[in-house]
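In what follows, a single structure is set out as structure tokens and then discussed.
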Amino acid sequence: MRNPQYDRSVTSRTTLVTALTVPIVCALAAIASAQRIWVGRGGFGREAPKWAKRANFDGGFNYCRGYYTSDRREDGGMGWWTDYPGADNNFSVRLGELTFVRVKMDSTGQPDNVVLQLTDPLLYQCPILFMEDVGTVRFSEEEVVRLHDYFLKGGFLYVDDFWGTQAWEQWVYELGRVLPPNKYPIFDIPPTHPIMHSLYDVKAIEQVSSIQFWYRNGGSVSERAWMNDSPHSDFRGIQDEHGRLMVVMTHNTDIADTWEREGESREYFERFSPDGYAIGVNIILYALTH
């Protein structure tokens with residue numbers, strides 16, 4: 001059953017484009033309601049992690065980003081802080097505009113996004129955790145235990161922006177330490193799954209490259225095409241014994257760049273951001289209502 005606090009009804013892409021396009025024109029100067037869209041070098045700039053404190057949580061939505069250690073560097077990836085803080089800020093602004101979700105704001109009027117160590121007890125204040133570039137992660141034994149507990153207590157993880165076979169295999173190995181695959185197998189999420197229709201009617205998960213790759217390569221969206229190692233995007237999940245999704249993965253695509261970069265290029269925004277926000281909003285509404 002949908003929770004009316006968070007959800008309305010299945011909405012078309014045309015409606016979403018209209019809802020986003022009007023604010024994006026304003027975002028290049030000043031966003032409505034005093035909330036600003038992060039626009040790269042012309043915006044907030046790269047920031048040190050804003051570590052979570054108990055005062056950050058009041059029952060509203062916080063974009064909770066998981067901090068982890070990488071054991072290698074992927075081309076185009078930055079480890080835990082890939083797309084930080086722009087994706088975190090922009091998605092939170094849009095979530096507040098497009099849904100009834102109450103987004104927690106900080107003292108400046110911007111979304112109160114936080115970064116958490118995976119062993120931090122405050123992790124349990126976050127019903128949804130976001131991580132990117134996870135094909136470079138190595139979990140400690142304590143992180144494995146804490147994440148396992150987090151999932152079994154109702155936590156939900158969304159991971160994005162990791163490319164190719166090596167990244168996938170490394171992530172699957174590390175995730176398997178947390179959620180043993182014999183009990184919690186990974187599966188391809190079908191177009192008929194409720195997560196595809198929580199609010200927006202999403203037909204498929206589009207392959208999106210970073211904005212830099214897209215411009216450098218004449219509109220190509222397959223970042224490992226030169227290795228024939230990212231032929232299409234993958235949308236996969238892990239569910240518990242009751243069928244509740246605990247982990248959602250968008251592999252061979254960069255959904256978060258459609259949020260982070262929306263204020264930098266009208267062309268990139270119109271091509272990718274409506275679909276990127278649609279799946280992002282659907283994922284959050286599913287997690288909040290299941």
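Points worth noting:
- Taking a straight line from the alpha carbon of Lys183, these lysines sit under 24 Å away, with near neighbours fewer than eight places off in the same chain left out: Lys153.
- Filtered chymotrypsin sites (Phe, Trp or Tyr not before Pro), segment 116-160: DSSP coil and at most 12 other beta carbons within 10 Å: none
- Shape category assigned to segment 135-245 from the gyration tensor of Cα positions, a/c cut at 1.5: oblate
- Within a Gaussian network of the chain (alpha carbon springs, distance under 10 Å), most fluctuating of Ala48, Ala167, Ala225: Ala48
- Put simply, segment 175-221 fits an ellipsoid with semi-axes of 29, 20, 8 Å; these come from the alpha carbon gyration tensor as the roots of five times its eigenvalues, largest first.
- Once exposed loop GluC sites (Glu not before Pro) are cut out (DSSP; at most 16 other Cβ, 10 Å), longest piece of the chain: 48-240
- Cβ-defined net charge surrounding Thr119, 12 Å radius [Lys, Arg +1; Asp, Glu -1]: -4
- Relative contact order [Cα under 8 Å, 6+ residues apart], segment 98-219, whole percent: 21
- Computed magnitude of the charge dipole of the chain (debye, nearest 20; Cβ of K, R +1, Cβ of D, E -1): 620
- Summarising the strand pairing of the chain, around 35 percent of its internal DSSP beta bridges are antiparallel.
- Per-q log10 I(q)/I(0), the chain, q = 0.10, 0.11, 0.12 Å⁻¹ (Debye; single scatterer per alpha-carbon; no solvent): -0.48, -0.59, -0.72
- Net charge contributed by nearby residues that have their C-beta within less than 11 Å of Ile205 (K/R +1, D/E -1): -3
- For the chain, the membrane-span-like helices by this rule, meaning whole DSSP H stretches whose C-alpha atoms cover at least 27 Å of axis and whose Kyte-Doolittle mean is -0.5 or above, are 266-289; this says nothing about an actual membrane.
- Farthest toward positive dipole pole in segment 39-186 [+1 Lys/Arg, -1 Asp/Glu at C-beta], among Phe162, Ala55, Leu98: Ala55
Values quoted throughout were computed directly from the atomic coordinates according to the rules given, and no laboratory measurement underlies them. Just so it is clear, the model here is predicted, and its values are computed rather than measured. So basically every Cβ, Gly included, is an ideal-geometry build from the backbone, and we count neighbours across all protein chains shown.
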